[in-house]
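Written out below as structure tokens is the structure these notes cover.
Read-outs throughout are calculated quantities, based only on the coordinates presented, and are distinct from any laboratory measurement. Remember, predicted model here, so these are calculated numbers, not experimental data. Virtual Cβ from ideal backbone geometry, glycine too; neighbours counted across all protein chains shown.
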Amino acid sequence: MGQRLLIAWLETTRRRAGTVLVATGLVAALGIWLVSRVAFDANILRLLPQRAPAVRSFQTFLRTFGSLDHLYIVFESADAVAEHEDLVDAYVAALRRSPQVESVDAELLEPGKDWTYLSDRSLLLLGPDGAAEALARVRPPRVDAELAHARDLLSTPSKQVTELVQQDPLGWLTALRDRMDREKGLIAFDPLAKGYISADGHSRLVIVKPAGAPFDIDFCKTLFQTLAAVEREARAASQDTGGVPVQIQAAGAYRVSLESEQLIRRDAIINSVGSLVLLLVFVLVLFRTPWIMVYGFLPVVIGAVLALGVAGHLLGGLSAATSGSAGMLFGLGIDGIILLYLRHLEAPRTNGAVPTALLAGTAGSVILAQLTTAAPFLGRVFIDFPPLQELGALVGLGILFVCALTIALVPGWLARTRPPASRPPMRADRLGRFVVRRAAPIVWTGLAVTVVLCAAAFRLRIDTRIERLQTQTGGAQLERDVAARFSLPQDVLMVLNEGPAVDPLVEADTRLTAALAAEHPTIAVSGIGLLLPPARAQAATAEAIRTSGATEDVVRREVSAAADRAGFRAAAFEPFLGRLPRLLDVGQRITYEGLQEHGLDTFASRFLTRRDGRYIAVTYLYPRGPMDLAALRRTVASVDPNLQLTGLGVVNAELARRALPEFLKGVS
């Protein structure tokens, strides 16, 4: 019955060739319309397995704390970037007026950030032991040593140093800063400099939170047009025309997204056009007739466009995996066209035409071959590895569409084409005789080669790291450079925690920090406890202050007497002494709401944020040597089973673990 139906179909396409051609045109128009609405998504999260717990945690981190919703503006100069402060200020001012920008973080001590909220509670941040040690500096001989150190600092002619000494003669803030620096609590910065300056003094960082999503390509284009206008306005307003130019660059997911989308489109076009041209030229040289160009061009191109549009809508967008699909699809799809054309050339004719029954037999073979070719590709749709899912969907659907178009168009065209009468048959008699005579050696040689290659396959190492999945662009490299220069949280491990209240998350962070210090001393830890100690620890610190005997009167008397012995004028440390009531107030506490109210949520949100009525906390782990990932997982789980360890290292290990099972699932 299948053969009879196929013969009937071929007869219909011969008689209704015009109708078939019009229908094909409509299908082509539909494919073009679908492709025009497909989004080429550069989001690296789309490339990761969606069912792996470590990957889901990593996605949560990137969406909540990572750089996905930030844009990093970097000012670079061959001289000290601080010399170009007017240009940076003009740029930041213009940026804040832009409707595409939600917020701008240009420096620690900018208006809106009340750091006195933390500096007046520095003893609470130091913890019970740290506070006890700091209060011990109040009495001789420690107080005299601290003031001697303060005098040494004043030998540096700097207004900022003078203000720091007046505010902190006993080094309490310095001890807190040293602790944060050791634990990588904040961006690497010089607290005496204006803005976030790199260690070499040649770069300054401004952190921008745009108003739109990083993978909204239209928004990204508008955003970068705005950045170009902002730069022109800032350069004109600041008149920064010194001998040393300042380079302004943008890094982050917004730039990577825009560049990746452009790269994906360019590669897809080059791959598609190049593959098609080379394929058709080869076929033209082989058959030496322009008709084969028509037969080969329309079915494969329309099928490829239709597959791209349909797969893009079914998958919700396409990634870089699309750029390599066209050449594969064209090479596989044209096989059926060539088989039909060969049958057309070599089959016996009745009244000058190839009998429909003969073409139907070849068409049936083409359908069977194309179905068995498409099946392995469509099987990739069921594995949890998005790049291969997309590739499988594109090539599998493409082969089915090309097969349908081939059967609909090519036989009807061939019925109206007369083959060259003088063309010799395309045969390989010598090859056939050789294969028949040497069948046994060929089989045994093939078997031996297969065994050798299978053994060699066990030495193959597949690089499944996430870095290899990401599109490599100038923006991606700049983002890595910026992360290294300013100690942004990249290429580190993270521990996520979630809950309805803040303090349990802070307590878990404290326990985790203690456990890691005991079991993994080579790992530096940085969590929300840097800015927000647990309520229990703050109460213990308040008790330590109460029992230390360091009252306001005692501290004022001891510091004033030591200042007099060191030769300072009477009111030299009045800014510090005026803060004593707040510094020694055992009733005050640091709270998450307080950090937000005083404009410090920019930094608090790096460790703790609220979303959908729940709080999410992250603790950063910075390995400083070899690390046993399995042992680290056990330590994290022992602190709290709800803690989720993630990060590039964990995701890469998960990808490596899942590669073989997913591959076997795909081939089965």
Item to complete: Search the structure for amide H atoms under 5 Å from the amide H of Tyr196, placed 1.01 Å from N in the peptide plane, and list their residues when 5 or more places away or on another chain.
Response: Leu205
Worksheet entry | Inter-probe distance in nm under a simple model that places probes 7 Å from Cα toward Cβ, at Ala145 and Ala211 | 5.6
Discussion item. Can you tell me the length gained on complete extension of the stretch Leu314 to Gln239, counting 0.36 nm per residue apart and subtracting the Cα distance?
Written reply: 21.8 nm
Worksheet item: Label points 7 Å out from Cα along the Cβ direction at Arg15 and Thr547: separation in nm?
Response: 10.4
Discussion item. If I stretch the segment between Trp291 and Val277 completely, what's the gain in nm (0.36 nm per residue apart, minus their alpha carbon distance), one decimal?
Written reply: 3.5 nm
Discussion item. Quick check: residue separation of Phe434 and Leu447 times 0.36 nm, minus the Cα distance between them. What number comes out in nm?
Written reply: 2.8 nm
Worksheet, complete the sentence: For the stretch 444-456, Karplus-derived ³J(HN,Hα) couplings (6.51, -1.76, 1.60; θ = phi - 60°; whole Hz; x for glycine and proline) come out as 5, 5, x, 5, 5, 4, 4, 4, 4, 5, 4, 5, 5
Response to the item:
Within the stretch 259-294, DSSP-loop trypsin sites (Lys or Arg not before Pro) with at most 15 other C-beta atoms within 10 Å are Arg288
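Order these peptides, 428-435, 584-591, by their mean beta-carbon neighbour count within 10 angstrom, highest first.
584-591, 428-435
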Worksheet, complete the sentence: Ranking Phe576, Ser605, Ala524 by how far each Cα lies towards the positive end of the charge dipole of the stretch 516-627 (+1 on Lys and Arg Cβ, -1 on Asp and Glu Cβ), the top one is Ala524
Worksheet item: For Tyr615, which sequence-distant residues (separation of 5 or more, or a different chain) have an amide H within less than 5 Å of its own amide H, given hydrogens modelled in the peptide plane?
Response: Gly499, Ala501
Practice prompt. Based on the mean of other Cβ atoms within 10 Å per residue, sort peptides 499-508, 528-537, 563-572, 249-258 so the most packed one is first.
Written response: 249-258, 528-537, 499-508, 563-572
Worksheet item: Once amide H atoms are placed 1.01 Å from N in the peptide plane, what residues at a sequence separation of 5 or more from Ser103, or on another chain, have their amide H within under 5 Å of its amide H?
Response: Lys209
